[in-house]
Amino acid sequence: MKKLFKIILNTIPRPLLIRLSYIARPVLTIFLKGQNFTDPIDNKSFKSFLPYGYGEQRNNVLSPSTLSLERHRLLWLYLKNETDFFTNNNQVLHFAPEQAFYKRFRNMQNLDYTTTDLNSPLADVKADICQLPFKDNSYDIILCNHVLEHIPDDIKAMQELFRVMRPGGWGVLQIPQDLSRNETFEDNSITDKKERAKIFGQYDHVRIYGRDYFNKLRSVGFEVEEVDYTSRLTAEEVETYCLAKGEIIPLVRKA
């Protein structure tokens, strides 16, 4: 199954994958039903989760029901337990909306919810993150997860995110990050897809971020908190929800 998933991820365009997933998900949910692991997003339990990864595959990480990965489940728990996301009236801008969240956030009565992306079929507004068609200070909350590693001019994208966020607003800007690196690594001379997947973790990534990512965010004006939320959960919760230990949630605010 791991080999099949790897071939699918690396050969089928992402917009088509999203459409096909709506067909496969009900079958996978029934096939893997069990009690070993639970997806906190919908509280359904399974005997195992599915493997996932464009380069090296990770075992037991993709939820059959919501198609959430470790980072999605961690973010859901953080938003639910530590923020007013599910209770207060907020204008939310969500980049490249994840399937695990899209319908749930869309149906929340307290949110004025807008999605945006260049290619996603789930986007309300087709837009370049480096040149957003939104007015200054438009949004209370911005979710931009695993997007910036695809963007050649990530500083320009960060500036745009800061521009459209309201003073007093906040956001979560997750990226794939190697915390053992002090500095971000990128090399535009690497063009082979297999080599890029091996080095950057995915064939369409342009860099692997180091710890300096937080300072990049601060350089455009954000206040940044490095939230290690798994350390606030019990070992049983981390195991049951199939979370990645030590993953940092980059929480940003605009004063």
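Heads up, I need the accessible area for ARG232: 1.4 angstrom probe, whole protein in place, Å², nearest 10.
120 Å²
If the label point is 7 Å along Cα→Cβ of ARG166, which residues in segment 211-226 have backbone nitrogen under 17 Å from it?
none
Enumerate the residues in segment 74-90 having an amide nitrogen under 15 Å from the point lying 7 Å beyond the Cα of ASN43 toward its Cβ.
Inside the label zone: 77, 80-81.
Relative contact order of segment 71-149, please, whole-number percent, based on alpha carbon pairs below 8 angstrom and at least 6 residues apart.
32 percent
When the Cα centres of segment 97-117 and segment 191-210 are compared, how far apart do they sit, in Å?
29 Å
I'd like the Karplus ³J(HN,Hα) series for segment 242-255: coefficients 6.51, -1.76, 1.60, θ = phi - 60°, whole numbers in Hz, and an x wherever there's a Gly or Pro.
With coefficients 6.51, -1.76 and 1.60, one gets 6, 9, 8, 5, x, 5, 9, 8, x, 9, 10, 9, 10, 5 Hz.
Over the chain, what relative contact order in percent results from Cα pairs under 8 Å that are six or more residues apart?
Contact order relative to length: 17 percent.
How large is the dipole of segment 122-178 about the Cα centre if only Lys and Arg carry +1 and Asp and Glu carry -1, each at its Cβ, rounded to the nearest 20 debye?
240 debye
Can you work out the accessible area per residue across the chain, with the rest of the protein chains kept in place, probe 1.4 Å, in square angstrom?
49 Å²
Given the DSSP H assignment, sum -39500 (n - 2.57) over each helix run of at least 4 residues in the chain and divide by its residue total; what's the result at 222 nm in deg cm²/dmol, nearest 500?
-9500 deg cm²/dmol
Give the residue from SER48, VAL224, THR38 lying farthest towards the positive end of the charge dipole for the chain; charges sit on Cβ (+1 for Lys and Arg, -1 for Asp and Glu) and the dipole is referred to the Cα centre.
Highest projection toward the positive end goes to SER48.
Report in % the part of the accessible area of the chain that belongs to carbon and sulfur, leaving out ligands and nucleic acids; probe 1.4 Å.
Of all accessible area on the chain, carbon and sulfur atoms account for 50 percent.
The values are calculated or read from the model by the stated rules, or taken from the named source; none is laboratory data. For clarity, every value in this text was computed on a predicted model and none was experimentally measured. Neighbour counts are summed over all protein chains in view; Cβ atoms, including those assigned to glycine, are modelled from backbone coordinates with ideal geometry. Accessible surface areas use protein heavy atoms only, side chains included; no ligands, DNA or RNA. Shrake-Rupley method; radii C 1.70, N 1.55, O 1.52, S 1.80 Å.
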